[in-house]
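One structure below.
The values are calculated or read from the model by the stated rules, or taken from the named source; none is laboratory data. These figures come from a predicted structure and were not determined experimentally. Positions of Cβ are generated from backbone atoms using ideal geometry, with glycine treated the same way; all protein chains shown enter the neighbour counts.
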Amino acid sequence: MTSKQNKWLFFPYFIWIGLFVFIPIGLLIYQSFIGLNGTFTISNFVTYFTSTTYLKMTAQSFLYAFIITLITLCISYPTAYFLTQTRRKDLWMLLLILPTWINVLLKAYAFIGLLSQQGSVNSFFDWIGVGRQQLLFTNASFLLVATYIEIPFMLLPIYNAIEEIHPSVIHASRDLGANTWETFKNVIFPLSLSGVRSGIQVVFIPSLSLFMLTRLIGGNRVITLGTAIEQHFLVTQNWGMGSTIGIVLIVLMILTMVLTSGRKKGVRKL
Amino acid sequence: MKQLIQLAFAVLGISGVLYLGSFFIEHSQGASGTDTLNIFNWGDYIDPELLEQFEEESGYRVVYETFDSNESMYTKVQQGGTAYDLTIPSEYMIERMIEEDLVLPMDHSKITGLDNIDSEFLDQPFDPDNQYSIPYFWGTLGIVYNDQMVNEEDITSWGDLWNPEFKESILFIDGAREVIGIGLQTQGYSLNSKNDEELNEAFELLRGLAPNAKALVADEIKMYMIQEEAPVAVTFSGEAADMMWENESLHYILPEEGSNLWFDNMVIPKTAQNTEAAYAFINFMLQPEVAAQNADYIGYSTPNKAAMDLLPEETTEDEQFYPSAETVGKLEVYEDLGPEYIEKYNDLFLEFKMLR
Amino acid sequence: MIKSKFSWANLYLIFIFVLLYVPILYLIFYSFNQAGTMNEFTGFTTEHYEALAGDTRLIRIALDTFRVALVSSLLATVIGTLGAIGIFFVRQRRTQSTILGLNNVLLVSPDVIIGASFLLLFTMAGFRLGFYSVLFSHIAFSIPIVVLMVLPKLQEMNTNMITAAKDLGANNWQVLKSVIIPSIKPGILAGYFMAFTYSIDDFAVTFFVTGNGFATLSVEIYSRARQGISLEINALSTILFIVALGLVSGYYFVQQQQRNRKRKLTDVDPTNHQKAVTP
């Protein structure tokens, strides 16, 4: 291939990178320096970093994302490991990933029905004698639904990582006399860490910015960075502040990526 | 390669069929006229039959889209990428839109039936002489309670919401001005306060109310109250009317301290492409029969005097929805606060949402 | 593996499996409920499906959603594939990784950031919000995933073939058409498939950049879910689930066939040890 042809092939792709990566980020940075009255100012950042409301919200959002990631990891890792041990693992995997094809909104909607006062979960509680509980609009239900939605995204990269471990390595470990647990601890687990890392990436970052769940399931009593951005952009029209929070989110995202860097495997969706 | 190209053409072919499908559906309903009217209205804020009737009578095709807050409507109009011919904001937003030159002045010679409107609702401070807006509905903010779960005497004022018995059980409307307003009015301050001390005082008071909040939502309140998810909700009168229609245990009250009185008026945004259609729609909605049917369906209070005569007496004599002059005197209309104080209210509200 | 461990593992898997499917089956179950709520099953009916069939607005939105998904993923696949080929032939390692880095920016960015910044972009450009703003946004966020699916296939490709073709007098276009594209075809198809699911699934980005009466299913479901439980949405979920199930089984079937073919190849070519793990 000549370099001339490379450029031609590149052309639409280049335009895309310019138009939808560089310019939007540039605009976001620019907008974050625009104050309420349209002048150029750093007041948005000053407000953000001096306001207890915003700092508290950021900390809370971080904490929620952390908990969601942790629970998702604890559930997904064993699932991925056991999956690789089964026969017909491809089919199993596909079936576990299938729920991601159902729209997130529909799943959230199902949980509204499940968790409400008259819903099935409460009817069950009533039946076993625990009595009806407030479930919807609690932190616990928000964490539950968020975890539910994120599980497949954690599952996939870990599964891929374990799958890629060459069987001969495991056989070698066996031949050297290691039992299942030792093989897992000393061979499989260290080799699957790259999958865990990318799993954390694809769950943690979106968890910082979940916004329709905070409304539908959290009743707007859980505020994440994403909720705040959505509110500032679409409700209160303070685009400057919205962009400022956006920049903070981008910085957090880069930090997460750096902390979990390693070879990337698996992507957000199958 | 050949196979890929075939696939690509297949995809394009299917998209073409889909396009024809949606085109066909769009044009098979209502009038066949190519003249369209883009209406941007609140969710569930018109009797859908009336839209059909309008299409039939006028020959315009209606494209109907909804918003769930004045602010989100404003964003889309101000953003400029939209072509709405008619929208129905509330008074403080109309004031702001007039100021920012986002609405077109009304040509009164093209409007018929304005005399059907009660003069009480014309010539309001936010739009003197109705140069820009024509009344659509009006209403109040109040409290809905379920008499199976709450005693009637326990809910008469905003102050009663602080009752520790209501821990985590009140649904609030998701609006900064509404919720901060509760704090202000309980203290006897104006809903339009631009006094930092008053606002802080109101907020300190609201801290005590936060534990009683179950959720801060909007359209959802209707469903949750009907399904008895919560005993008490703070919401608008028309929403309340809808709920009470579905569930007989629900009641609506105007708090003793007073409340918010609001007007939703029809305006023609600057982005309008088809003002003729907009005028036709305004005139249609001003007809007494139409306004009455709409009021009956939506449950909000109509400003149309001629329509009120057509409504059942039990509706128009209901003090909670058509309050007496004395009660109205205690109600306050929102004014545009200006960007700085809007932000202040919003920040306080954000903090309120995070309180437990 | 040891037999006793196996059953515990399977039990856990079944538990997770049930957990993931409960909400979906719950939706489907109540879509046949006579009472209009998801609380109590009072009797079997298909009236909600009939209501769905008569809901022209929802049908139109569904058609629009699929149209956006089909077209956006097609364009994203074309641009992304060409981009991937371009990236592959960049000589300098550093330039290559820089471009890939930029490519990944959109892939990992939270939806809210993408939506908000695209809204800024369209606003500044004075671009009308509606079908095209949604389409362009979907193309934009689907491109990186296509690149990511195609690139590994390029790396697996035998570059000697290109040299050989050139030696035989093929021009660049012929090389692209007859050598490169055929060998990366599975990557291109996978890329298209992924871009399609991205588009169908998206809520946040569309929510920011839509307007003028244009809506996709997710946006419409969001506004309907807030207005209350309507079993029409349940009926819709059932249909979408069946469609997804069909797509996935089709995908699995094709994959299995490909694998079988590949396995035959592995017997012949001992150097190709990829997926030599036989279950």
Within region C:19-41, is even one residue of a type in the set (D, E, K, R), surrounded by 13 or more Cβ atoms within 10 Å (Cβ to Cβ) and more than 30 Å from the chain's Cα centre (by Cα)? no
Would you say A:F111 is surrounded by fewer than 16 Cβ atoms within 10 Å (Cβ to Cβ) and not hydroxyl-bearing (S, T, Y)? no
Among the residues of region C:107-115, is any under 15 Å from C:V205 (Cα atoms), touching an Asp or Glu at 6+ places or on another chain (Cβ under 8 Å), within 7 Å of another protein chain (Cβ to nearest Cβ) and not acidic (D, E)? yes
Filter region C:116-137 down to residues that are within 13 Å of chain A (Cβ to nearest Cβ) and assigned to a helix (DSSP H, G or I), then give me how many there are. 14
Which numbered condition in (1) more than 21 Å from B:I173 (Cβ to Cβ); (2) touching a residue at least 40 places away in the same chain (Cβ under 8 Å) is the only one that B:Y92 fails? (1)
Can you list residue pairs whose Cβ atoms sit under 7 Å apart, with the first residue in region B:150-164 being free of Cβ contacts under 8 Å to residues at least 40 places away in the same chain and the second being assigned to a loop (DSSP other than H, G, I, E, B)? Count only pairs 6 or more apart in sequence or on different chains. B:D154/B:N163
Assess whether B:I134 counts as being in contact (Cβ under 8 Å) with a residue 24 or more places away in the chain, more than 30 Å from B:N283 (Cα to Cα) and not aromatic (F, W, Y). no
Only one of A:V235, A:V202 that is more than 10 Å from chain B (Cβ to nearest Cβ) and among the hydrophobic types (A, V, I, L, M, F, W, C): A:V202
Among C:Y198, C:Y251, which is the only one that is modelled with pLDDT under 80, at the interface with another protein chain (Cβ under 8 Å from one of its Cβ atoms) and assigned to a helix (DSSP H, G or I)? C:Y251
Tell me, which helices (runs of 4 or more DSSP H) lie completely within region B:172-289 with 1 or more residues that are away from chain A (no Cβ under 14 Å)? B:176-186, B:196-209, B:237-246, B:275-286
Residues that are within 10 Å of chain A (Cβ to nearest Cβ), in contact with a helix residue (DSSP H, G or I) (Cβ under 9 Å, 6 or more places away or on another chain) and surrounded by fewer than 21 Cβ atoms within 10 Å (Cβ to Cβ), drawn from region C:138-189: C:I162, C:K166, C:N172, C:W173, C:V175, C:L176
Which one of the conditions (1) out of contact with any Gly (no Cβ under 7 Å at 6 or more places or on another chain); (2) within 14 Å of chain C (Cβ to nearest Cβ) does B:E100 fail to meet, given that it meets all the rest? (2)
When region C:34-73 is checked residue by residue, the ones that are in a helix (DSSP H, G or I), within 13 Å of another protein chain (Cβ to nearest Cβ) and among the acidic types (D, E) are C:D64
Between A:A146, A:A161, A:A178, which is more than 24 Å from C:D111 (Cα to Cα) and in contact (Cβ under 8 Å) with a residue 24 or more places away in the chain? A:A161
Options B:Y74, B:Y84; residue that is at pLDDT 80 or above and part of a helix (DSSP H, G or I): B:Y74
How many residues are touching a helix residue (DSSP H, G or I) at 6+ places or on another chain (Cβ under 7 Å), more than 12 Å from every other protein chain (Cβ to nearest Cβ) and part of a loop (DSSP other than H, G, I, E, B) if we restrict to region A:129-166? 1
Would you mention how many residues in region A:205-222 are part of a helix (DSSP H, G or I) and at the interface with another protein chain (Cβ under 10 Å from one of its Cβ atoms)? 9
For C:T77, the lone unmet condition from (1) more than 30 Å from C:G101 (Cβ to Cβ); (2) in contact with a Phe, Trp or Tyr (Cβ under 8 Å, 6 or more places away or on another chain) is (1)
When B:Y297 is evaluated against the numbered criteria (1) within 14 Å of chain A (Cβ to nearest Cβ); (2) of a type in the set (S, T, Y); (3) farther than 30 Å from B:D154 by Cα, which criterion, by number, is the only one it fails? (1)
Could you tell me whether any residue of region B:297-318 is at positive phi and either part of a loop (DSSP other than H, G, I, E, B) or under 21 Å from the mean Cα position of the chain (by Cα) (or both)? yes
Criterion: facing another protein chain (nearest Cβ under 9 Å) and in a helix (DSSP H, G or I) - qualifying residue of C:I28, C:I24: C:I24
Is one or more of the residues making up region A:106-113 in contact with a Phe, Trp or Tyr (Cβ under 6 Å, 6 or more places away or on another chain) and assigned to a helix (DSSP H, G or I)? yes
Would you confirm, using the coordinates I've provided, whether B:L286 is surrounded by 22 or more Cβ atoms within 10 Å (Cβ to Cβ) and farther than 21 Å from B:V62 by Cα? no
Out of C:V209, C:V248, report the one residue that is under 29 Å from B:G80 (Cβ atoms) and either of a type in the set (S, T, N, Q) or touching a helix residue (DSSP H, G or I) at 6+ places or on another chain (Cβ under 9 Å) (or both). C:V209
Residue count for region A:33-60, restricted to those that are within 10 Å of another protein chain (Cβ to nearest Cβ) and part of a helix (DSSP H, G or I): 7
Regarding region A:82-104, can at least one residue be identified that is polar (S, T, N, Q) and more than 8 Å from chain C (Cβ to nearest Cβ)? yes
